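The values are calculated or read from the model by the stated rules, or taken from the named source; none is laboratory data. Predicted model, so just to flag it, every value in this text is computed and none were measured. Cβ atoms come from the backbone with ideal geometry, glycine included; neighbour counts cover every protein chain shown.
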Amino acid sequence: MFACLYVPDFSVQAALLPESADAREILWRSPIVILDGPANLLKVTALNDPARKIGLEAGMTKLQVETRGGVLLRKRSLENENSAQTELLECANFFSPRVESTCLGTAILDLAGTKKLFGSSQNTAQKLAWKARERGFLLHIAIAANPDAAMFAARGFPGITVIPPGEEARHLAGLSVAMLPVTPEMLETLDGWGIRTFKALAALPEVPLTERLGQASLHLQRLARGQIDRVLKPVELASKFIESFEFDDPVETLESLTFVLNRLLEQLCDRLLSHSLATNNLRLTLELEVRQRQNENKGEEYKQEWKLPVPTQERKVLFTLVRLDLERNAFSAPIKKVTIEVLPMKPRLAQGNLFAPPSPEAERLEITLARIRGVVGSVDANGLSCAGSPGIVDTHNPISFSVQPFSSVADISNSVAAPGPVIALRVFRPTLETSVELTGETPHFVRLWKKHYRVLAASGPWCSSGEWWNSGAWARQEWDVALKTRTGVGYYRIYEDRIKQQWFVEGIFD
């Protein structure tokens, strides 16, 4: 058995898909038309039943529609329709691994071997309808013994239709022959003969029909009888997880933007879950309204990327990261289009410890860092990130370091167990300015915390320098000294900045 999922008024439903469930229910009961074409000659390409009831038709101009009043106008977006088709295929993939993307708004799936999972054909159709409703679709669903019979039944009959094997011709009898893949010339000929339904076409004798209309007419007659058995062409779903939405009117408020972002992230996370995947990389692109500059149309874009410490499938985590970033930014123009991409990967598998207290979830770490960035900023005056994990820079400058995103993967390739106790230098941030009295070239007294301390022993100097080619040039002359203090002997590292001609205490050994 094969099931066909057909989305009536597909362009309208695709336009409403990013809306919330409650808003979608309200809007669907209102007259809606989809416009397409040049900006100065927009015409109706799709509409819903309430729009038809007030006399609107496909092909009307925008001006004709506006004269009716109370009609919601939406501009057609191919990206929204492609996204909706992907969503429809994802819905079908919950029930079968063999799904055909027949055309926009139509998907056919093979139900072979699914009876033990979902029950009878009627139960399977009900579950398909519920799943599609959760994703924002109102479907016509038909189940039949061959794909084409299921497709024509779904397009011709509302709700759920189940055709028992061998009864295809009886169930399809009342459908119009215009639903068949027939040429206008052949349709005109059949209409002249009075052949207007599947039943009338199926009753014609095969040989005279073929003699007059050719072999193509015999294929059409077999379709009308529900006798065509063909192999599905399963679609291979794209490996990229991208969702986008283009606004009819550019938005300026954060509320309007985050509402759409929440819906797009929900769709992406549902797709990740259906493929048993997660993501640790999120990319956001906002296309701003095109401005006229020097007789050229130039668009502006805002791009941001998040690299998470661990892969996640949580929509709330991803949404919070995006919202916190948007709250800190002001854009130079209204937002016209939003695109979100996640890079899929295998989810993290972790075994909890029964004998250790629960630790904070690693997924929440990035949210905490995002809140910290909102207070202290993203980068400092030197271009370093203000929040993250410290890293070593490939340089001999002892004060250089980097701040990198946290990672759950620990690098233990170079870790070697220490043979014994290790002396550590605790570095002062910032370094302490000091004054040093010399005996010859050797430090004799060091001023530390407003007091002078005698140098009991000194080792040095060690001279280093680098980056003379830019403003970050440095030149140091270092000493390790033992100072006699009131609490005992302390070991410190001091150095002279040869460029500034100033002494500093860098840290203390312990």
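So, in the stretch 486-503, how many residues would count as being closer than 24 Å to VAL422 by Cβ and surrounded by 13 or more Cβ atoms within 10 Å (Cβ to Cβ)?
Number of matching residues: 6.
Test of understanding: among THR210, THR189, THR183, THR197, which residue is within 42 Å of the chain's Cα centre (by Cα) and of a type in the set (S, T, N, Q)?
Numbers: THR210 fails: within 42 Å of the chain's Cα centre (by Cα); THR189 fails: within 42 Å of the chain's Cα centre (by Cα); THR197 fails: within 42 Å of the chain's Cα centre (by Cα).
THR183 is the lone residue from the list that is within 42 Å of the chain's Cα centre (by Cα) and of a type in the set (S, T, N, Q).
What strands (runs of 3 or more DSSP E) completely inside the stretch 401-448 contain at least 3 residues that are at pLDDT below 85?
Qualifying strands (runs of 3 or more DSSP E): 402-404.
From LEU104, LEU138, which residue is closer than 17 Å to PHE10 by Cα, in contact with an Asp or Glu (Cβ under 8 Å, 6 or more places away or on another chain) and modelled with pLDDT under 90?
The unique qualifying residue is LEU104.
Considering each of VAL260, VAL235 in turn, give the residue that is out of contact with any Lys or Arg (no Cβ under 7 Å at 6 or more places or on another chain), surrounded by 15 or more Cβ atoms within 10 Å (Cβ to Cβ) and either assigned to a loop (DSSP other than H, G, I, E, B) or at pLDDT below 85 (or both).
Within the list VAL260, VAL235, the selection yields VAL235.
In the stretch 349-363, is there at least one residue being more than 24 Å from the chain's Cα centre (by Cα) and modelled with pLDDT of 80 or more?
Among the residues of the stretch 349-363, not one is more than 24 Å from the chain's Cα centre (by Cα) and modelled with pLDDT of 80 or more, which makes the answer no.
Just to be sure I understand, how many residues within the stretch 36-78 are in contact (Cβ under 8 Å) with a residue 24 or more places away in the chain and assigned to a helix (DSSP H, G or I)?
3
Taking the condition at pLDDT 85 or above, within 18 Å of the chain's Cα centre (by Cα) and part of a strand (DSSP E or B), does ARG283 pass? Spell out the reasoning first.
Numbers: at pLDDT 85 or above: yes; within 18 Å of the chain's Cα centre (by Cα): yes; part of a strand (DSSP E or B): yes.
Answer is yes for this residue.
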